[in-house]
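Trainee: Sharing a structure below in structure tokens format, with a few things to ask.
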Amino acid sequence: MNKALLRSKSIWIKVLLIVLGISMPLWLSVEVSGLGSLMRSLKEEPDGSTLMMAAFALVLLNTIRALPHYIGALLLGDEIGAYYGKPWLKVLIPLSIIPLSYLIINGYNSINYHFGAPALILLLSIMLLHMLGKGRLRPVFKSFVLAQLLFGVQWLDTVLFLSAFGFGGGTISIEVKAIAEQLGFGTTLSFYSLVFSAVFIVNAIVLAVYLTVSEQKWKMRQDLDIARLEMVESRSGREALHLVHDLKTPLSLMEGLNSLIQMKTEDPEILRYTNKISSSIQSTSDMVSEILYHEKKNWCTLKTFIEYVRANKLSDSATIYDFDLQADENIQIYINKIRMTRALVNLIDNASDAVEGLSDATVTICSKVGEGGVYIGVKDNGHGISEENIEKIWNAGYSTKSHPGVGLTFVKNVVQEHEADLSIESEHGIGTTFWIHIPKERVNDEDPDH
């Protein structure tokens, strides 16, 4: 098994649930639950009321004992299957663990745990939950549905005519049905057991369908929100591109007039000013090209890039940002400054969301020199991202907030356009750092932006 998976706390919680279920008979015995005294009363003074109480106590005890390892096996299979991207593991793991749990319990427990028809029905239900849900039903909802199914199916153990089909083969179940038959109460017990079973099983089925449909509707709404956002951005983007393209004409005119002035004068002061104008026009022209063409890149110093980010984001924000800029500010990076700035601003926005409401909230913009390039990072001291969610955050639409999660998908695309790398360091309770590793760099004493 993958080491990262073994380090996951959620995996061990599910394993502990399975262990808890296996150990249940050790500390939740028949006597501790009160079922033992009910059975003695039923044998000494048999009557219908005591019989129904004993039947209810038996079903409840069997449900409570079985619930931890059934849910633990279901959730463990769900997580491992999702981690490796293999849906069949979601079914195979519960189908292996649950029979093994019965085997272990019967190995140390004097009262036989009957692995009969109810257990087979529940295993089939787990398969159906995975197949019908098609990944749309969350594990917590599956657990809730399974708990109701478990309680409903356990009632079938006390139906007399189902004994021939493998129901109620446990020691106490056999005793309860035998006493019911002696009292002439067999038909009544079977009727009430079937009613209770039908109520909980039907309720579980209705709930599963409702939750699946609700999840599907939520996913469709989320996809629709993303589509609307992309449509608005696309439309706004096209309009902006037309406006930016129109800037080319006045820039060309300004450059022509500036060149004409330079040709008509020999005044050193005027020439110095016109050279600055020419440099500014060139910088503006480069920015226009970067906006119009994603593949357009230029060399700029790290200092210029950070200042550009500060001007675009940090100057109008209420959040106080720290800087840990260890890399030489004169290092030049080959980037599309407009798109890389948007990418970094998205990371800063995410970091600001992560520390929202914290008294010691800190967001730090970092830089450092690494092997083969320069690293630019955004660090926060929020709650961190669980290992389970780290793989999900790159998916379009995934978000821990109410808005569609498209920011990190954009960041990843921009990083790929620059043939760069994006990595994440996160620790629960400590915080998260996103690093963009830009492989191309050069050092020059002269600032290329001026």
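The values are calculated or read from the model by the stated rules, or taken from the named source; none is laboratory data. The model shown is predicted, which means the values in this text are computed figures rather than measured ones. Please note: Cβ atoms are built from the backbone with ideal geometry, for glycine as well, and neighbour counts cover all protein chains shown. Only protein heavy atoms, including side chains, enter the accessible area calculation; ligands, DNA and RNA are left aside. Shrake-Rupley method; radii C 1.70, N 1.55, O 1.52, S 1.80 Å.
Trainee: Filter the stretch 135-176 for residues that are buried (at least 19 other Cβ atoms within 10 Å of the Cβ), closer than 18 Å to Ile71 by Cα and of a type in the set (A, V, I, L, M) and give the result.
Mentor: Of everything in the stretch 135-176, those that are buried (at least 19 other Cβ atoms within 10 Å of the Cβ), closer than 18 Å to Ile71 by Cα and of a type in the set (A, V, I, L, M) turn out to be Leu137, Val145, Leu146, Leu149, Leu150, Val153.
Trainee: In addition: Of the residues that make up the stretch 112-132, is at least one closer than 27 Å to Arg40 by Cα, at pLDDT below 90, under 39 Å from the mean Cα position of the chain (by Cα) and part of a helix (DSSP H, G or I)?
Mentor: From the stretch 112-132, those closer than 27 Å to Arg40 by Cα are 112-116, 118; that's our starting set.
From what is left, the residues that are at pLDDT below 90 are 112-116, 118.
Subset that is under 39 Å from the mean Cα position of the chain (by Cα): 113-116, 118.
Those still in the list that are part of a helix (DSSP H, G or I) too: 118.
Yes, that holds for at least one residue.
Trainee: How about the stretch 67-109: which of its residues are more than 20 Å from Ser29 (Cα to Cα), open to solvent by 30 Å² or more (accessible area, probe 1.4 Å) and of a type outside the set (A, V, I, L, M, F, W, C)?
Mentor: Tyr83, Tyr84, Gly85, Lys86, Pro87, Lys90, Ser96, Pro99
Trainee: Here is a follow-up. If you scan the stretch 283-308, which residues turn out to be within 13 Å of Met254 (Cα to Cα) and modelled with pLDDT of 70 or more?
Mentor: Thr284
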